[in-house]
Amino acid sequence: MSYIMTERGEVRSPELCRYLSPELKGLVSIRSDGWSYLLRPFDGGLWRPDTRKPGRDTFARWQRRQQAYVQRLPGWQKVCGLPGDDKLLEWLTADACEATTGELIEPEAYTSDGAPSWLRVLGLLDRRARAIDVTRPPGSTGG
């Protein structure tokens, strides 16, 4: 991708790497200007500034460290984008959803290769539980 959109407008600095962060519950874009940006579901497709290169690092050293970090990540974290909000909303009440590798699995599950469901990695399982409770008929005990 050549640019990303933030609340302040376009960020056109070239992207060094991109990865899925379970800790941040979103997609991280590391840019050549020393900034990283975070995209989370249901944020209107806008990226948020996340961190800036530490002042003590040279750009070259910082870039090498970022790229080395991403190279060590498991394959399921090396994704280009997030599922659309409509798809995530659909999965919130479904019996199955996609893993980050595209395999269809139960929302709480992992694939045989260790890839989590999109709902799990994006921290949406609590939201799923609430969505299921809302869709149950009054007086239903679930299950």
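Every number in this text was worked out from the coordinates using simple rules, so none of it is lab data. Bear in mind the structure is a predicted one, so any value in this text is a computation, not a measurement. Because the Cβ atoms are built from the backbone with ideal geometry, glycine has one as well, and the counts that use them run over all protein chains shown.
Please arrange Thr58, Thr100 by counting, for each residue, the other beta carbons lying within 10 Å of its beta carbon, fewest first. Show your work: numbers first, answer last.
On the way: Thr58 9, Thr100 24.
Ascending number of Cβ neighbours within 10 Å: Thr58, Thr100.
Based solely on its DSSP helices, what 222 nm [θ] is calculated for the chain when runs of n ≥ 4 H residues each add -39,500 (n - 2.57) and the sum is averaged over all residues, nearest 500 deg cm²/dmol?
Values: 4 runs with 37 residues, N = 143.
So the helix-based figure for the chain works out to -7500 deg cm²/dmol.
Which shape class, rounded, prolate or oblate, goes with the chain when its Cα gyration tensor gives a ≥ b ≥ c as root eigenvalues, a/c under 1.5 marks rounded, and past that a/b bigger than b/c marks prolate? Walk me through the numbers on the way to the answer.
Numbers: a/c = 2.90, a/b = 1.96, b/c = 1.48.
Cα axes put the chain in the prolate bin.
What is the magnitude of the charge dipole of the chain about its Cα centre, with +1 placed on the Cβ of each Lys and Arg, -1 on the Cβ of each Asp and Glu, and no other charges, expressed in debye to the nearest 20?
On the way: 21 positive and 19 negative charges, 180 e Å.
So the dipole magnitude of the chain works out to roughly 860 debye.
Could you give me the ³J(HN,Hα) list for the stretch 67-72, computed from phi with Karplus coefficients 6.51, -1.76, 1.60 and θ = phi - 60°, whole Hz, x at Gly and Pro?
These are the phi-based 3J(HN,Hα) values: 5, 5, 4, 5, 5, 7 Hz.
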